[in-house]
Amino acid sequence: MNAPTGFKLVDGKFTDIDPIAAMLNPASFHEVRHMTLAAFVATGFAS
């Protein structure tokens, strides 16, 4: 979403798709940290 990687766009079609590279893009650390903290906050409000 923030740093799309793991594929090539050729003539408007996605080719050479690598799911691991897509999941481990440069923004993945920030996104995982954000989602983990959000889960703790949501759980705290629900308790």
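The values are calculated or read from the model by the stated rules, or taken from the named source; none is laboratory data. All figures in this text were calculated on a predicted structure; none of them were measured in a lab. Methodologically, a virtual Cβ is constructed for each residue, glycine included, from the backbone with ideal geometry; neighbour enumeration extends over all protein chains shown.
Assorted remarks:
- Residue in the range 29-46 that is out of contact with any strand residue (DSSP E or B) (no Cβ under 9 Å at 6 or more places or on another chain), outside any helix (DSSP H, G or I) and of a type in the set (D, E, K, R) present: no
- A39 meets the conditions (1) modelled with pLDDT of 95 or more; (2) surrounded by 11 or more Cβ atoms within 10 Å (Cβ to Cβ) in every case but one. The failed one is (2).
- Residue within the range 18-28 that is touching a Phe, Trp or Tyr at 6+ places or on another chain (Cβ under 8 Å), at pLDDT below 95 and in a strand (DSSP E or B) present: no
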